[in-house]
Amino acid sequence: MQFSKLFFREHSLSKLAAVYPDAANAEVAARDVKGLPDMQNHQVQVIEPFDREWGRKVEPEGVGIWRTAIRAHVTCGVLGVLAGLALYAGLYLADVQAVLSTPGVSLVAIVLFAMMFGLMAGGLLTVRPDHDSVVSTVRQAAADGRWAVVVHPVSRHQLSAAEQLLATSGAQVARTL
């Protein structure tokens, strides 16, 4: 099982967006990317100027995002509890007087704070701040009357091949981490 599956339930964790001044260049780029090995047609979206559905094309996995939110929070919350228990055990074994004098209260406080920090980490993973560059690039392109090609690669190989292809087309390219 991949480590990322503990936190994410989306098929495509990375995104690429390339902006073009006209439809012809965008269609050629989309066709070329769809021709890459193992690339499926649904992984490549063309966004027209003033497209009202651009958001759905950039983030098509609505259900996957909700599953990611649940999975990331549960996994990070459990990891927080385990870290809190380990911290408590370490402090108890180190004979820290504050822990020894109130062991029950110390256990609850440490575990709850660690779980809270774990849940906050799960929230940060759910927000996916790395997607901002792609979303803002596509939003601006659609508002300015330009065309965008959005690629949803499912592997590192697809990501690097699509990024290289789009970069050689002379387009402005934005990507997630």
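Laboratory data are not the source of any read-out in this text; all were calculated from the coordinates shown. Keep in mind it's a predicted model, so treat the numbers as computed, not measured. Please note: Cβ atoms are built from the backbone with ideal geometry, for glycine as well, and neighbour counts cover all protein chains shown.
Couple of notes before you dig in:
- Rounded to whole Hz, the Karplus (6.51, -1.76, 1.60) HN-Hα couplings of region 76-92, x for glycine and proline: 5, x, 5, 4, x, 4, 5, 5, x, 5, 5, 5, 4, 4, x, 5, 5
- Exposure proxy ranking, count of Cβ atoms within 10 Å, fewest first, for L91, L112: L112, L91
- Nearest-0.05 FRET efficiency for V108 and A167, computed from C-beta distance (R0 35 Å): 0.05
- Packing rank of 36-47, 142-153, where each peptide gets the mean count of other beta carbons within 10 Å, highest leading: 142-153, 36-47
- Distance between region 106-149 and region 77-92 - C-alpha centres, whole angstrom: 25 Å
- Taking other C-beta atoms within 10 Å as the exposure proxy, T75, T137 rank T75, T137 from fewest upward.
- Taking Y20, Y88 and counting other C-beta atoms within 10 Å, the order from fewest to most: Y88, Y20
- Across the chain, Cα pairs under 8 Å and at least six residues apart give a relative contact order of 45 percent.
- Of M116, G104, T176, farthest towards positive along the dipole that unit charges on Lys, Arg, Asp, Glu beta carbons give the chain: G104
- Where chymotrypsin sites (Phe, Trp or Tyr not before Pro) fall in DSSP loop in region 18-74, at most 13 other Cβ within 10 Å: F50
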